[in-house]
Every structure is written in C-alpha cells, then in structure tokens.
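Reading through the structure tokens given below for one structure.
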Amino acid sequence: MPCVPISVALEVDPPSGDSQIVFQLDKICNPDDTAEWKIHFELQQKNAQGTLAPVVKLDIDINKEDHPAAAATAAHGLDDDQRAQAQIAGQTALAVTTNDATEDDAQTQAGAIIPARNPNSPSA
Amino acid sequence: MKGTLGTAASLGIAFTVTIQAQQAVVCPGAPNTYQDRRVEKVDITSPLYFFFAANHGLAELAQTLPLKRGDPFDIVKYSEGAGQITTKVRTTFVDGLSAMRFVVTAPRLENCTADSVQVHYIVYTSAFPPLTGRSFETRQNELQRPATAGAELGATGRFLFVPDFEYNHTRRGYGGMSVKNQVPLGIFDHFDFQTAASSDSLTGALDLSGTRTPADQLLNQAEWHLRSTYSDVPAGPIHLKEGKLAAGFFATSKEVSAARLLLHFGGAVAGGHQQGVAQDAPNSSYGDLKLVGGLEGQRGASAFAASYGLQLGATLQNRTVDFAKHILDVRYNVVWLQMPKYRKPPDDDDRPAFIGRDHRPITLETRLNAGYIQKLGQIPASERFYGGNQSLAPFIDGQPWDIRGEPYIRSIPENRIGSSNRAFGFGGTRFYSMNLTFSKAAFGRSLLPKELGTPDFVNALENVGIPTAKGELSDTYFAEDPKVQAASDDVAAIRDKLNTLKSELPSLKFDSQTTAQVSATLKSLGSEVTVAAITAKAIADQKKINQTPIFMNTQIPKITADLDKLGQSLRAADQAPTAAHLKSVRDSLCQARQDLVEHWNALNPAEARVRANQRADKDFAAAEKVLNTFLYQLNIYSVAPVAVFDAARMWPSGIGTRYAVGGGVRLSLVVVNLTIGYAANPLRRPGEGPGALFLKLDVTNLFH
C-alpha cells in the first residue's frame, strides 16, 4: 500500500460543559514512501472569565520505526499514563510562563509522553 | 423569493464542485512517484458543507499552504498542507453549538502529466448534537432528513437563512423563511425570526432564546425562550387569529435509569389576544399556563418518546381558569440498515468498506396522539382542536421537542376535522390520532466518498481520536471519585517536602572538583523536583488524581535516585553534614512515597478507573452512535418511496373515525429535502375531496 496522506481532527465538548478536547492526527508521507504521524492534543478549560483557554497543548511527532510505543499510540491513541504525562507536560509548559520551570523542563516532559505508555496497553 | 435563490446558488456551488471533481482524473500512482513534477494548481474544496468557504475562505487558505502553484511537487509539503487545512478549518470555522465535530482533509493528485500535477485537497466536516440529553427530535431528524441533520448544526456563528415552503389545501401554497443568529443579549444567546404567508394566512414569530448545560442529573441541558407569535389561519369557513407573548423554560435530564431514559420537562406562560367565531369567547384577552413532561430513549436503531402536556387557559374575564387541556403524544421510530460487523480484533475490520457505499435504510415512524379539554368556562375557538395535515402543531410554541397539540391526518386539509360538521360548532374537545410512515431508500449516494474508506481514516477517527477523547473524559470522572481523592492528602505532604527541597537546592555549594562531579546530577535533580512539585500541586489542589501513578512511580523514584547519587558523591569530611541532610531528605521522601503507594493501592484505583471508564463510555455512547451513523449510514442524496396510513377521530363532530391511506416519495439532495405524496380519504364526507396532497420542502445550512 503506498503512503497516502490524511489529516483527521476530532473535537469533543464533555457534558460538564467546562472543557473541550481537541485531537488531530496527521499522516505525513516521505519521499521514500514511509509514513510519520503528528499528533496534536489540546485540552481547554473554562477560566474565571468563562472562556475556554488551553491547559494542555501538545504536538508530538511519531515515527513508527522509532519506538513500539509510538506505533501503538498511532494505532490506539494515548493511554491513561500517556494522558497523565501529557497533562504534566502541559502544566510544566504553563509553569515556564511564570518562571517556575525552564524550557528544558517542558521539553523533557513533552518528550516523555510517548515512552510513558503502559506496557499493558494495546500494542500496534 | 430571496431564500430560494440563495438555495439555488448554494446548490449551484455544490453541483459545480461535484462536476469539477468528476472531470478530474485522479493520478494512478503512489504520491511519492510524482516527486519534483511541477505543481500546476492547488485547490481546496469542501463539497458537503462549507459552501461559503468554497467561495471565499478556502480559496484564500490555498495560497498559504506550503505547496504552491509552480513549485516542484514535494510529498512532505503536500502532506503537511492537509494538516494545515484541518487546523485552519477547525479553528476558524468555530461551531458554538455542537458537542462533537470532526474535520477530515484528504488530499489527492489529479490530471497528472509527464511533468506536472494538480493538487486537490478535499475537506469534510460535520457537527454532532450534545453528548447526552440528545433529544428524540434529533434522532427523528436524522431518520427523516439524513443528509442535513448534521449540516444544520454546523451552520452557526453567522446569520442562517432557511427558506421554507409547504402546501396544504387549507392554506394553499405558503412560504416564508426563518432567520437565525447567535446574539449574546444577557441570558439570551440566539435570535430566531420566522414568518410564513399565503393568500389567506399569515404566521410569524420572533424568538429570543438561551441555552446552558448545567450537567446536573435532572438538569443536564436547559433552554429558555421569550417569544412573540402571531397567527391568522383559516379553519374551514372561519379564521382563527391569535397574538401572544410567551416565556418558556425547557430542560432535559441526564439518563435517569438503567434503560438509559431521558426525562424532558418544561413550561410556559403566555398572554395576548384571540379572535375566533361567535362561540364561547369570540374576541377576548387570553392567557395560559402550559406544563409538559415526558420520557425519551434510544435502543439500538430505534427511538421513542412519550409526553404529557397540561394547559390551563383563561379569557381573563369571569374565571381564573376557563379550561384545562390534556395532551398525550407517543412516538416510536426505527431504522433498519446494514452496519459494519467489526467490534474488535480479531474480527475482520469491514468498516472502511462501508464508507462510500450507497446506503438504503428502511424506516418506520409511528405516532399516537390524544387530547381532551375540560370545559370550566369559555373555550376560545383558537384553543380547540381542529386537526388535519399540518406537519407541525406544537403544543407550546418554541418548544425544543415535537409534541403535537392537534390530531394529524394526511388525507384531510389543515384545520378541517374540527370544522367539517357545523351542526357541532367549530373545534373539538377530544381526539385521538395514529400515524404510520414507512419508507425505504431506493437509491442514493453515500455522504462520504469512497476515497475516505481507508484504514487510516477509520483508525484515526475511531481507534485513536475517540479513545483518547473518551480517556480524557474518564480522567475527569476518575478525579471526581471520592475514593481515590483521599490520596491527595498524602500527595500534599510530599509536595511540602518537595518545596522545601526545591528552596534548599540553590544553597548547595561545593568546591570546584565536586561541582564538576555533581553538576549533571544537580541539574537533573532540580528539574525533577520542579516538575514533581508542579505535579503534586496539580494533584493536591486541582484534583488531577490521574497523575498520581506517574508522580509516585516515576517522578519520586527519580528524585530519590538523584539524592542517593548526590550523597554518594559527597565524600569529603566537610561535606558529611550535607550528605547526611540529603540522606535524611531522601529517606523522608522514600517513606512518604511508601505511605502513598500503600494508601493508593488500598483505595483500589483500578476499580475507580473502571467506574470512570463506564461513565465515559455511557456519555460517549450517543456521540459514537451519531458518528457511526455519519460514517456508515448517511447519503448525500437519496430517493425513498414513502407509504402512509393515518387514523383519527374527533368529538363532538358526529363523524366517526377518519382514515388516510397513501404514498409518496422523499427526495433528499444535499441540503434540500422534499417529501411529496397523496393520501386518500376513503370515507369521504359531503363536500370533502377524495384526499389531500401533502408536500414539504425544507432547506438547511444556507450561508450568505
């Protein structure tokens, strides 16, 4: 099967009415016909003013050849541990804006999302 | 008619897009085989919904993509363009009403020559109704007008003009339009103006409404209306005139039982003036209180709703209450359609094959209505029962549900059952009616194209997107579980230790040799403590309990390992107090972590996660069902023969049960739905026709 690009986004407003989840999965094709995936994950929550503001905003590049956890993520989505790590990465990124964390801290935490996949979660 | 021209214009765009797409020849090779050929053209089209954007927004967007006209074709830029379009459509064309929406961009290469290619991105999107509290009406809308139910929900954020035209023998052909918009005005956030007129009738309504989602068990969704209405319609030889101002409140609960039933309830108070015939109160002020309540639910491909309505009305003259009206409305609809058999591996995944396949659903719609008016004083003519083939007869004007206040029979023109025997006056005080509509789509074309029927598309949406979104919802419910929340006190205790350690780290000073040895460990320790403190704060203060396993199993062990390593590096005599202090901090953290682990395991978080997953599954069930409908059931156009049977009776009329037997056809074309048919009146009364034509044209999703 030749690699064919596609981009799919899903937005969900949970029934609580105070948040929004955005998930986008892009398939990128390379000249050698291999595929890479980009995941955009965004969690927005209502602030004191009642408007939705990003709490977690992540862009993750997944090369299936790199890591079994990456392939599993591209096939099944983020598991419990990865979502928790994604939240931590988002919190750390937010802390950078108040000088409570560094850019390095934020990048390290973002890079830990894919490896955080629980070994018991579905594999690719 | 302006609205109709708007319709035609929009359809013209749709046809143009379709014809263009048909003329293009899709390049047969794998995209990477066209690398470096000259890009002759870059187009973005959205054949289904964004007609306005097809004219304007998408054309501008095409010029901002990484791959431009004249460039050598680059498959990476070509791929990245799809993601950029999805992001732009998702963030620019914001939908303020739906609870779930997907956007798909599928690129393809067309009209390839030896040295050139044309790039064509096709965008598909749709909105879904709220996750829970989704009403029977939405489901029925999907059954009756499958090609447009999602489209109307997507048409928010700007003025929405919806032309309407209907025909019945009483009012003849009558048409008008509805203008809708989102307008934040205090507690109101929507504006709706509707009008319809014919040579002998005029109706109109101006409606301000607000909606909220309190998400409580008994008040999941709420909406309120302030509505002014005017109506002047014939009923046999007379005219019924009424002008009212009404305030109403309507609400839907979450599922209230294991059978997944929803409760809906509401009420309205209204006052105004009415004019009827010289019977009881021919010309009077008028006021009423209406209350309505009922249950609705879905099981598999079927949906049902049962409602009861009570109206207490007065002419505001001699009595507080002149009459009490009771209404019962029961409906059951079912659709039969082949769906993918796939559930989970190792089943064969047949889902991609269903996308782009023509769908031929069989639908059965049933309805039973009954009404009774208790006469205590005067009953205004406009509040009596008349019945006939009017497609809408809401019990409360502006109600979000279709609860009829009149009998429905398609063989007799509007308002004629209660006015056909003058010996019994005008308007009945009791009725029942029963309606059956059966249809089967004879042919049609799938809403989604076959080219989307790939494992990648199905995987991205169903295997990756939905589980991740559902997991995030599960995290919210997990955090609300009081059993696992008990762990937050242990985390708070560790957070205090981490903050103390964080404040001490900058004061650790060593000689140059030791500094060189421990600098990497110190840096790592500083980073780990910072992130763990942030995590602990989120768990303890913001109830992000789902982060607890990573906090105690990954973050704290890394910190204690770094403290160990640092302590072992401090061997000089003058470093002994620091090493001892670090060891005591490390031991204290280890003990606190051990306490947390034991407490956490005792709280049985696995069971709490199962409970949270079950709640998330439940909340997503309706949305997943609609998604499946969209992916595997809907047609962009369809033609469905329709068979109808009605029975109705009204008292006092001196006439027995009336019947309607007939058939017709339902045509759905992108945003236009036309149902036309004829119902015979097998037991004709003197002066009555052999039957009646029923016709309904409705248009949704018009932009300007």
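The test for being aliphatic (A, V, I, L, M), within 13 Å of another protein chain (Cβ to nearest Cβ) and within 30 Å of B:HIS359 (Cβ to Cβ) does not hold for B:LEU525. Looking only at residues in the stretch B:446-470 that are surrounded by 21 or more Cβ atoms within 10 Å (Cβ to Cβ), touching a Gly at 6+ places or on another chain (Cβ under 7 Å) and farther than 18 Å from A:ILE62 by Cα, the one that is farthest from the other protein chains (Cβ to nearest Cβ) is B:SER446. Residue count for the stretch B:411-434 under the criterion of being among the aliphatic types (A, V, I, L, M) and outside any helix (DSSP H, G or I): the result is 2. A count restricted to the stretch A:74-108 and to residues that are assigned to a loop (DSSP other than H, G, I, E, B), over 16 Å from B:LEU473 (Cα atoms) and modelled with pLDDT under 90 stands at 2.
Yes or no: the stretch B:530-538 includes at least one residue that is hydroxyl-bearing (Ser, Thr, Tyr), more than 13 Å from every other protein chain (Cβ to nearest Cβ) and assigned to a helix (DSSP H, G or I). For the stretch B:530-538, residues hydroxyl-bearing (Ser, Thr, Tyr), more than 13 Å from every other protein chain (Cβ to nearest Cβ) and assigned to a helix (DSSP H, G or I): absent.
Let's see how each residue does on (1) under 34 Å from the mean Cα position of the chain (by Cα); (2) more than 30 Å from B:ALA246 (Cα to Cα); (3) among the charged types (D, E, K, R):
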site: B:GLY371; (1), (2), (3): yes, no, no
site: B:ASN389; (1), (2), (3): yes, no, no
site: B:ARG416; (1), (2), (3): no, no, yes
site: B:ALA423; (1), (2), (3): no, yes, no
site: B:PRO449; (1), (2), (3): yes, yes, no
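Return a yes/no flag: does the stretch B:378-386 have any residue that is of a type in the set (Val, Ile, Thr), under 24 Å from the mean Cα position of the chain (by Cα) and in the same structural domain as B:GLU296 (by TED's automatic domain parsing). Checked against the condition, which is being of a type in the set (Val, Ile, Thr), under 24 Å from the mean Cα position of the chain (by Cα) and in the same structural domain as B:GLU296 (by TED's automatic domain parsing), the stretch B:378-386 yields no hits at all.
Here the stretch B:271-291 is the region considered, the condition is being crowded, with 22+ Cβ neighbours inside 10 Å and either touching a Gly at 6+ places or on another chain (Cβ under 6 Å) or at pLDDT 75 or above (or both), and the residue that is nearest to B:TRP224 (Cα to Cα) is B:LYS290.
Kindly indicate whether any position in the stretch B:207-229 is at pLDDT below 80 and among the aromatic types (Phe, Trp, Tyr). No.
Tell me yes or no: at least one residue of the stretch B:481-495 is of a type in the set (Lys, Arg), out of contact with any His (no Cβ under 6 Å at 6 or more places or on another chain), more than 12 Å from chain A (Cβ to nearest Cβ) and surrounded by 22 or more Cβ atoms within 10 Å (Cβ to Cβ).
Here is the first cut: in the stretch B:481-495, the ones of a type in the set (Lys, Arg) are B:483, B:495.
Then keep just the ones that are out of contact with any His (no Cβ under 6 Å at 6 or more places or on another chain); that gives B:483, B:495.
The next check asks that each one be more than 12 Å from chain A (Cβ to nearest Cβ); those that pass are B:483, B:495.
Checking which are surrounded by 22 or more Cβ atoms within 10 Å (Cβ to Cβ) leaves us with B:495.
Yes, the stretch B:481-495 contains at least one residue that is of a type in the set (Lys, Arg), out of contact with any His (no Cβ under 6 Å at 6 or more places or on another chain), more than 12 Å from chain A (Cβ to nearest Cβ) and surrounded by 22 or more Cβ atoms within 10 Å (Cβ to Cβ).
The values are calculated or read from the model by the stated rules, or taken from the named source; none is laboratory data. As the structure is a computational prediction, the values presented were derived from the model and not from experiment. Counting neighbours? That spans all protein chains shown, and the Cβs are built from the backbone with ideal geometry, glycine included.
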